[in-house]
Amino acid sequence: MAIDSDVVVIGGGLAGISAALAAADAGAKTRLVTANQSTLRQASGLIDVMGYPPDAAGTDASQRGAPARTDGGPVADPFEHIPDLPEGHPYERVGVDAVRDALAAFDEVVEGYTGEHTDANALVPTNGGAIKPTARYPVHTADGLASDDRDALLVGFESLTDFDAPLAAEHLLAAGVPFAVEGVTVSFPGELRADAKTTRFADLLENDEIPAAKGGTSSGGTGGGAGGGRAGAVHRTRTGSCRAKLVERIDDAIDDATVDPERVGFPAVLGEDRPSAVRIDLSDRLGMPVFEVPTGPPSLPGIRLENQLHEALEARQVWVADGQAVVDFTATDGRDEDRRIEQLQVETPGGGTTPVSAEQYVLATGGLVGRGIDSERDLVREPIFDCHVPHPEDRYDWFADDAFGDHPFAAFGVHVDRSLRPLDADDGIEFENLRAAGSVLGGYDFAAEKSGAGVSIATGHAAGTAAAEEI
């Protein structure tokens, strides 16, 4: 017998979670199935609605699969540009009111984010020293905005190679930020091997512990090596405050710096569960505001966001099946809007399959990177339901000549009607009870536009709401 739900969402990223939350909030019995670990852990944790508007000439309705070229920017107010987007863009499909509704739902569910007080984009420095326009950002980032004219010191750690503070500062100065900034690299208290995991730094700062040196003894510490005993393990802790020792080293760096900083930026490692406590303590010790600079994967801001969203799913009694891929499905024999998905076959942890059925389905499996869209030598396809993906027949037309040009493949994905139902090659509806959301959608280039998170939240929320309304 099939496991039955009102709505089944396929995909556990930001779009899938947004769809599941919206469907559950609308009263639907909701199940979320996901084959892989969420990409949220690899993301910055920033919610970009639109940083750079697409060039309408590159994405009109007659050019499905064409590149979404950006036209200047960054934009100050992303909502001003949404009504002017070309036909087929995901925001054009759902409309600006749906984007606002989705962001309001996000603000209600997630704590520790800001940006809701204005429609204007904030300018957030990245770990590479670029400046990213974004609509919502963690409060831990707020004192680091590039529009702030307070002078800043960026602090990197010798054993954390993902964040080159001097180079990031150089890039910010080259970008013309309205403040003086210098980057320094200090030794993290204790001995960490080169390129240690960001979660290790977060754990040590959160617990305010100093790791013992490999092969060394603890200094009257907690690890059993006191009194000259045998050397302890690499991660055994000593007594003493990691934060206090770190602040001592930063104070020394400030004394030698050419900038008299009014704020200090760290890579995003200030704790996984209690980052506010770490940030406030460091700020008090340094006597100035402290902020995080979003860093690459694994991303602590992304992990924190994922944890909050999963708590919200649990609170709404959404059943989440991790690591279970959809491998087959059955559908009715109707045509166009009469055709319906009846049942999914989902992998089980033991290697078998189990049937899962629902009245409505949401496809949120990601784009080319997430394998929600698959490409073969001469074909681009959506691999679960075989939904139509518009693309040039000639493979050589998938790419631009310039390596940094506007590649058509960046906009590959399923095209949908205004209810987010995937369309076939003749603009007919693929399945009456299937909607799509997030980067599985085509007609836009999220990387060029800096719109990935915003599209995922907006279309996920709209798809989940619409699916629940059909129950």
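The values are calculated or read from the model by the stated rules, or taken from the named source; none is laboratory data. Here the structure is a predicted model, which means the values were calculated and not measured. No Cβ is skipped: glycine too gets one built from the backbone with ideal geometry, and neighbour counts run over all protein chains shown. Just so you know, the surface numbers come from the protein's heavy atoms only, side chains and all, with ligands and any DNA or RNA stripped out. Shrake-Rupley method; radii C 1.70, N 1.55, O 1.52, S 1.80 Å.
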Along each of the three principal axes of the Cα atoms of the stretch 289-362, give the extent in whole Å, ordering the values from largest to smallest. 63, 34, 26
The correct pair for the stretch 371-434, radius of gyration to one decimal and Dmax as a whole number, both in Å and from Cα atoms, is 12.9, 41
Heavy-atom accessible area of the chain with neighbours in place, 1.4 angstrom probe: carbon+sulfur share in percent works out to 45
Mind checking the alpha-carbon convex hull of the chain and giving the volume per residue in Å³? 166
Mind listing the phi-derived Karplus ³J(HN,Hα) values for the stretch 8-23, rounded to whole Hz, using 6.51, -1.76 and 1.60 with θ = phi - 60°, and x for any glycine or proline? 10, 9, 10, x, x, x, 4, 5, x, 5, 4, 5, 5, 5, 5, 5
Please give the charge dipole size of the chain, origin at the Cα centre, charges +1 on K and R Cβ atoms and -1 on D and E Cβ atoms. Round to the nearest 20 debye. 1960
If I stretch the segment between residue 328 and residue 170 completely, what's the gain in nm (0.36 nm per residue apart, minus their alpha carbon distance), one decimal? 51.7 nm
For the pair residue 77 and residue 257, what calculated FRET efficiency results from E = 1/(1 + (r/R0)^6), where r is the Cβ-Cβ distance and R0 = 41 Å, to the nearest 0.05? 0.70
To test your reading of the geometry: what angle, between 0 and 90 degrees and rounded to tens, separates the Cα axis of helix 275-286 from the longest principal axis of the chain? 30
For residue 3, the residues 5 or more places away or on another chain with a placed amide H closer than 5 Å to its own amide H are 356, 357
Express the Stokes-Einstein translational diffusion coefficient of the stretch 240-335 in µm² s⁻¹, to the nearest whole number, given a Kirkwood radius over alpha-carbon pairs, 37 °C and a viscosity of 0.692 mPa s. 191
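So if R0 is 51 Å, what FRET efficiency would residue 399 and residue 284 give, r being the distance between their Cβ atoms, rounded to the nearest 0.05? Working shown, then result.
Details: r = 53 Å, r/R0 = 1.03.
Given R0 = 51 Å and the Cβ-Cβ separation, E is 0.45.
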Please report the antiparallel percentage of the DSSP beta bridges confined to the chain, to the nearest 5. 40
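Taking every pair of Cα atoms in the stretch 352-471, average 1/r, invert it to obtain the Kirkwood radius, and report Rg/Rh to two decimals.
Numbers: Rg = 14.9 Å, Rh = 15.0 Å.
Result for the stretch 352-471 is an Rg/Rh of 0.99.
Tell me the mean residue ellipticity at 222 nm calculated for the chain from its helices only (DSSP H runs of n ≥ 4, each -39500 (n - 2.57), averaged over every residue, nearest 500). If you can, show how the numbers build up before the last one.
On the way: 11 runs with 120 residues, N = 471.
It comes out at -7500 deg cm²/dmol, rounded to the nearest 500.
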Over the Cα atoms of the stretch 128-215, each weighted equally, I'd like the Debye log10 I(q)/I(0) at q = 0.19 Å⁻¹, rounded to two decimals. -0.96
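Nearest-5 percent of antiparallel DSSP beta bridges in the stretch 327-471?
Details: 12 of 16 bridges.
In the stretch 327-471, DSSP labels about 75 percent of beta bridges as antiparallel.
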Which whole-Hz couplings ³J(HN,Hα) result when phi for each residue of the stretch 86-101 is put into the Karplus expression 6.51 cos²θ - 1.76 cosθ + 1.60, θ = phi - 60°, listed in order with x for Gly and Pro? x, 4, x, 4, x, 5, 5, 5, 8, x, 5, 5, 5, 5, 5, 4
Using the basic label-point model (7 angstrom from Cα toward the beta carbon), what is the residue 353 to residue 376 distance in nanometres? 1.8
Which ³J(HN,Hα) values in Hz, rounded to whole numbers, follow from the phi angles of the stretch 249-261 under the Karplus curve 6.51 cos²θ - 1.76 cosθ + 1.60, where θ = phi - 60° and Gly and Pro get x? 5, 5, 4, 4, 5, 5, 4, 8, 7, 8, 9, 9, x
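Just the projected area, averaged over all directions, of the convex hull on the alpha carbon atoms of the stretch 270-405: how many nm²?
Details: hull surface 58.2 nm².
The Cα convex hull of the stretch 270-405, projected and averaged over all directions, gives 14.5 nm².
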What number comes out for the charge environment of residue 50, summing +1 per Lys or Arg and -1 per Asp or Glu over other residues with Cβ under 10 Å away? -3
